[in-house]
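The values are calculated or read from the model by the stated rules, or taken from the named source; none is laboratory data. Just so we're clear, the structure is a prediction, and the values are computed from it rather than from any experiment. Reconstructed Cβ throughout: ideal geometry from the backbone, glycine too, with neighbour counts over all protein chains shown.
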Amino acid sequence: MTLIQFFETSNTRYQGKLSGPLIDRIDLIIDVPAVTQSELTAPAAGEPTDIVRKRVAEARARQTDRQGTENARLGPKALDDVAVLDDAGHRLMSNAMQKLDLSARAYHRILRVARTIADLAGSASIAVPHLAEAIQYRRSLAR
């Protein structure tokens, strides 16, 4: 067994020990694969920090203008008021709830993340791509 296989097996066993209520309190999980030496020494790709910082500040301002606080601080009722889904969004969420066996808490966490993704994109409403991205961040947490 290689060291990488050992860590992958250990990680799987560890995740299996996490309880459902604890997993429900985690909003995002992102798999970060190992970086090769050539990728590590290559010039950085992506957006500069100042541009990302500006987009985040604009999204936070959008949130406070709309609801008086950030999305993270919204209760379920207030979240339902600002994270309205269209018919396609409802169908996608319904499928995700069934296939991933998601709880009510997970449902609201996905809505909160989707609303934030929409805010970062400058969108007034949650579109299917925003919702799909939010579901993707939960998918690997599903039991």
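Could you check segment 33-78 and list, in sequence order, the residues that are of a type in the set (S, T, Y), surrounded by 10 or more Cβ atoms within 10 Å (Cβ to Cβ) and over 22 Å from R105 (Cα atoms)?
T64, the sole residue that qualifies.
Of D87, D81, which residue is out of contact with any strand residue (DSSP E or B) (no Cβ under 8 Å at 6 or more places or on another chain) and exposed (fewer than 10 other Cβ atoms within 10 Å of the Cβ)?
After ruling out the rest, the residue left standing is D87.
Within segment 22-59, restricting attention to residues that are touching a residue at least 24 places away in the same chain (Cβ under 8 Å), under 18 Å from the mean Cα position of the chain (by Cα) and part of a helix (DSSP H, G or I), which residue is farthest from R115 (Cα to Cα)?
So the residue we want is I23.
Within segment 81-92, can one find any residue that is without any contact (Cβ under 8 Å) to a residue 60 or more places away in the chain, under 19 Å from P129 (Cα atoms), in a helix (DSSP H, G or I) and among the small types (G, A, S)?
yes
L85 - would you say it is modelled with pLDDT of 95 or more and out of contact with any Pro (no Cβ under 9 Å at 6 or more places or on another chain)?
yes
Condition test on G122, is it assigned to a helix (DSSP H, G or I) and touching a residue at least 24 places away in the same chain (Cβ under 8 Å)?
Judged against the criteria, G122 is not a match.
Could you check segment 102-122 and list, in sequence order, the residues that are closer than 11 Å to R138 by Cα and surrounded by fewer than 21 Cβ atoms within 10 Å (Cβ to Cβ)?
Matches in segment 102-122: Y107 only.
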